[in-house]
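The values are calculated or read from the model by the stated rules, or taken from the named source; none is laboratory data. All values reported here derive from a predicted model rather than from experimental measurement. So basically every Cβ, Gly included, is an ideal-geometry build from the backbone, and we count neighbours across all protein chains shown.
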Amino acid sequence: MALIVHKYGGTSMGSTERIRHVAKRVAKWARAGHQMVVVPSAMSGETNRLLGLAKELAPSKPTDAYNRELDMLAATGEQVASALLAIALQAEGMESVSYAGWQVPIRTNSAYTKARIESIDDARVRADLMAGRVVIVTGFQGLDELGNITTLGRGGSDTSAVAVAAAMKAEECLIYTDVDGVYTTDPRVVPEARRLKTVSFEEMLEMASMGSKVLQIRSVEFAGKYKVKLRVLSSFTPWDIDINEEAASGTLITFEEDEHMEQAIVAGIAFNRDEAKISVLGVPDKPGIAYQILGAVADANIEVDVIIQNISKDGKTDFSFTVNRGDYAKTVDLLREKVLPNLGAQEVVGDTKICKVSIVGIGMRSHVGVASKMFRVLSEEGINIQMISTSEIKTSVVIDEKYMELAVRALHKAFDLDLPLV
Ligand code: ASP
Ligand code: MG
């Protein structure tokens with residue numbers, strides 16, 4: 001008998017019929033002798049609907065007062081799902097009880113709409129488990145120090161589930177979703193993409209940060225920090241499939257790198273179309289320049305990703321970096337108005353039609369020539385590389401957006417990811 005956490009996403013909870021299906025699956029696990037804690041998301045579309053209502057009344061404002069009410073509002077979506085799931089479980093003959101985040105309580109800081117979990121008191125949940133109940137812990141929400149309801153950011157119920165699993169030292173946290181696992185790349189771009197049976201926590205972190213939207217990135221960070229055994233799997237298999245088969249399906253996020261080393265050097269190809277490139281041209285080559293440029297950008301709360309600066313010619317150089325596309329105009333304005341005048345640079349130029357393509361794999365640590373193979377593949381396709389950045393387990397290039405699919409397909413093939421699993 002083990003303590004298991006299940007998390008069900010919005011599509012899995014999308015209708016009363018789906019909720020009944022979830023209840024039958026959870027009941028199967030409980031009847032197999034497990035202590036079950038279940039964290040549901042809001043029914044699909046519900047969070048968007050609720051936030052849309054707020055927008056109808058007032059456009060979003062970056063004030064605490066406004067964001068506090070957004071959290072009050074959005075948290076109701078998950079609360080509905082939790083109660084419905086408890087009712088469905090009771091209808092299946094299971095004893096079940098649901099708790100809102102504030103009833104557990106799950107304590108967070110006060111950063112409304114993107115709060116971070118600080119602690120979880122599991123006494124109440126444990127008592128129910130001991131009494132043989134299936135406990136539903138409402139996802140996405142918590143309680144701040146002043147007693148206000150908070151939410152954890154879009155996709156945040158993944159993080160609720162992992163945090164509950166960590167706090168309760170669960171045997172495993174299973175994230176049930178509408179895909180059957182983590183893929184080598186997006187199957188909509190490369191039909192040959194295949195599901196990974198395992199992916200290391202570090203690889204998952206890189207893939208999640210580059211737009212593979214299977215898991216909220218913070219949940220992966222949490223799992224890494226607290227060594228939570230995490231699996232992503234489909235809720236669309238028949239609920240009554242063999243429990244052992246189900247428990248081994250999907251993708252397991254592993255920590256045992258050695259086991260993984262035998263596998264492909266590159267685990268997956270990630271891409272991101274949400275960035276834009278900005279270059280400050282003719283920058284004097286002297287101390288403090290990077291700070292003057294990027295300090296101003298950071299002060300405006302704008303996140304920067306790839307950064308490059310070349311060596312100088314005649315004491316001048318060019319400085320380029322990428323930001324989120326949504327922050328592009330704001331960043332360019334900021335640089336032109338506030339930074340250029342003091343910098344002695346010539347001009348600020350930019351390009352929003354770029355994308356970032358990355359190869360990710362912990363095998364890159366111990367193999368040379370992986371990055372150069374990537375560059376060769378791109379050159380054979382005639383794709384110009386505008387920027388490069390590397391980390392121990394990732395090489396990313398910034399290229400023209402129109403070559404994204406071509407680049408991803410060519411790299412997927414070149415790194416043998418098209419081949420079926422052995
Ligand atoms: N319902 C929330 C959202 O749509 C949280 C979640 O689904 O994880 O972002
Ligand atoms: Mg999600």
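Structure notes:
- Residue in segment 185-207 that is within 16 Å of ligand 1 (Cβ to nearest atom), in a loop (DSSP other than H, G, I, E, B) and of a type outside the set (Val, Ile, Thr) present: no
- Of the candidates 60, 15, 82, 44, the single residue that is of a type in the set (Gly, Ala, Ser), within 23 Å of residue 166 (Cβ to Cβ) and without any contact (Cβ under 8 Å) to a residue 60 or more places away in the chain is 82.
- Annotation note: of 342, 324, 310, 272, the sole residue that is within 29 Å of residue 206 (Cβ to Cβ) and either at pLDDT below 90 or over 28 Å from the mean Cα position of the chain (by Cα) (or both) is 310.
- The numbered conditions (1) part of a loop (DSSP other than H, G, I, E, B); (2) touching a strand residue (DSSP E or B) at 6+ places or on another chain (Cβ under 9 Å) are all true for residue 419 except (2).
- Which numbered condition residue 173 fails, given (1) buried (at least 17 other Cβ atoms within 10 Å of the Cβ); (2) closer than 29 Å to residue 60 by Cβ; (3) within 16 Å of ligand 2 (Cβ to nearest atom): (2)
- Identity of the residue in segment 65-92, of a type in the set (D, E, K, R) and closer than 19 Å to residue 154 by Cβ, that ends up surrounded by the fewest Cβ atoms within 10 Å (Cβ to Cβ): 69
- Of the residues in segment 28-37, at least one is surrounded by fewer than 20 Cβ atoms within 10 Å (Cβ to Cβ), touching a helix residue (DSSP H, G or I) at 6+ places or on another chain (Cβ under 8 Å), among the aliphatic types (A, V, I, L, M) and in a loop (DSSP other than H, G, I, E, B).
- Matching strands (runs of 3 or more DSSP E) fully within segment 89-183 where at least 3 residues are within 16 Å of ligand 1 (Cβ to nearest atom): 149-151, 172-177
- Exactly one residue among 383, 393 is buried (at least 19 other Cβ atoms within 10 Å of the Cβ), of a type outside the set (Gly, Ala, Ser) and closer than 13 Å to residue 264 by Cα, and that residue is 393.
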